Amino acid sequence: MTSHAALPKEIADQAETNSCGLVSTLRALHHLNAHLSEPEVRKLLESLALHRDELSAFERFDPESYCRNRIFSNGFVDLLLLCWKPGQKTPIHDHSGSVCGVYVMRGEASEIGFSPSGHGPLVPTGTHTVAAGNITVSSHDDTHVVANYAKSGEELVTLHCYSPPLQSMRVFAEKETFFADYTGATERATTSGYFHVEIE
Ligand SMILES: [Fe+2]
């Protein structure tokens with residue numbers, strides 16, 4: 001599914017040298033001929049991070065929901081700038097065959113992981129934050145929520161790279177997750193299930 005050394009050399013080199021601008025990097029992506037591996041997705045995001053100022057031109061927010069702004073797409077890679085007002089979050093989802101890399105341009109991203117409980121429902125496995133300037137890469141079957149839960153109340157802007165482009169993903173309803181109160185007071189579980197969401 002993934003291939004080694006799919007990333008054009010000029011982009012890999014650029015991550016170290018900052019030798020060309022955003023337009024040149026995007027133009028080089030047209031030469032991709034295979035899906036990117038997880039290390040290559042990270043390398044591409046490192047290269048794009050050098051063009052933070054140019055990328056900020058793609059920022060668009062939506063007061064109702066986090067906003068997905070497409071920067072580039074071909075058969076092998078999809079680049080989007082996601083903009084999050086305080087409190088906005090994704091549903092619980094996986095990536096259905098795509099590697100997903102996230103570079104936090106500004107603000108602080110929160111990620112909550114989930115995994116099957118053995119009984120069907122998902123259980124939360126942990127949470128961590130990703131500060132501005134950092135990159136996190138998810139495998140295709142990683143299941144999580146990404147949110148802007150920053151205590152500071154600031155906006156969040158994240159650059160996402162999917163390879164191959166995300167065609168669909170499994171979205172899990174929160175009522176299908178399993179939450180246990182480990183004081184023993186309450187416990188709630190429902191049957192597992194998910195539905196597919198087609199990506200625009
Ligand atoms: Fe995700």
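The values are calculated or read from the model by the stated rules, or taken from the named source; none is laboratory data. Note that the structure is a prediction, hence the values are computed from the model and not measured. All Cβ positions, glycine included, derive from the backbone under ideal geometry; neighbour counts span all protein chains shown.
Can you confirm whether GLY97 is touching a residue at least 60 places away in the same chain (Cβ under 8 Å) and part of a loop (DSSP other than H, G, I, E, B)? Write out each step before concluding.
Numbers: touching a residue at least 60 places away in the same chain (Cβ under 8 Å): yes; part of a loop (DSSP other than H, G, I, E, B): yes.
When the stated conditions are applied, GLY97 passes them.
Within the stretch 72-94, the residues that satisfy the criterion of being within 16 Å of the ligand (Cβ to nearest atom), in a loop (DSSP other than H, G, I, E, B) and not hydroxyl-bearing (Ser, Thr, Tyr) are VAL77, GLN88, PRO91, ASP94. Filtered by the rule that a residue be more than 21 Å from ALA132 (Cβ to Cβ) and of a type in the set (A, V, I, L, M, F, W, C), the stretch 70-116 gives PHE72, PHE76, VAL77, ILE92, VAL99, PHE114. Take the residues of the stretch 91-109 that are more than 24 Å from PHE76 (Cα to Cα) and modelled with pLDDT under 95: which is surrounded by the most Cβ atoms within 10 Å (Cβ to Cβ)? Only one residue tops the list, namely ILE92.
Selection within the stretch 157-178: residues that are assigned to a strand (DSSP E or B) and away from the ligand (no atom under 14 Å from the Cβ). The member of this set that is modelled with the lowest pLDDT is THR177. Within the stretch 127-144, can one find any residue that is out of contact with any strand residue (DSSP E or B) (no Cβ under 6 Å at 6 or more places or on another chain), within 14 Å of the ligand (Cβ to nearest atom), of a type in the set (Ser, Thr, Tyr) and not in a strand (DSSP E or B)? Scanning the stretch 127-144, I find at least one residue that is out of contact with any strand residue (DSSP E or B) (no Cβ under 6 Å at 6 or more places or on another chain), within 14 Å of the ligand (Cβ to nearest atom), of a type in the set (Ser, Thr, Tyr) and not in a strand (DSSP E or B), so the answer is yes. The set of residues in the stretch 41-61 that are at pLDDT below 95 and over 20 Å from GLY133 (Cβ atoms) is empty.
Restricting the stretch 116-126 to residues that are of a type in the set (Gly, Ala, Ser) and in a loop (DSSP other than H, G, I, E, B), the residue that is surrounded by the fewest Cβ atoms within 10 Å (Cβ to Cβ) is GLY118. Filtered by the rule that a residue be in contact with a strand residue (DSSP E or B) (Cβ under 6 Å, 6 or more places away or on another chain) and either charged (D, E, K, R) or not in a helix (DSSP H, G or I) (or both), the stretch 23-51 gives HIS35, LEU36, GLU38, ARG42.
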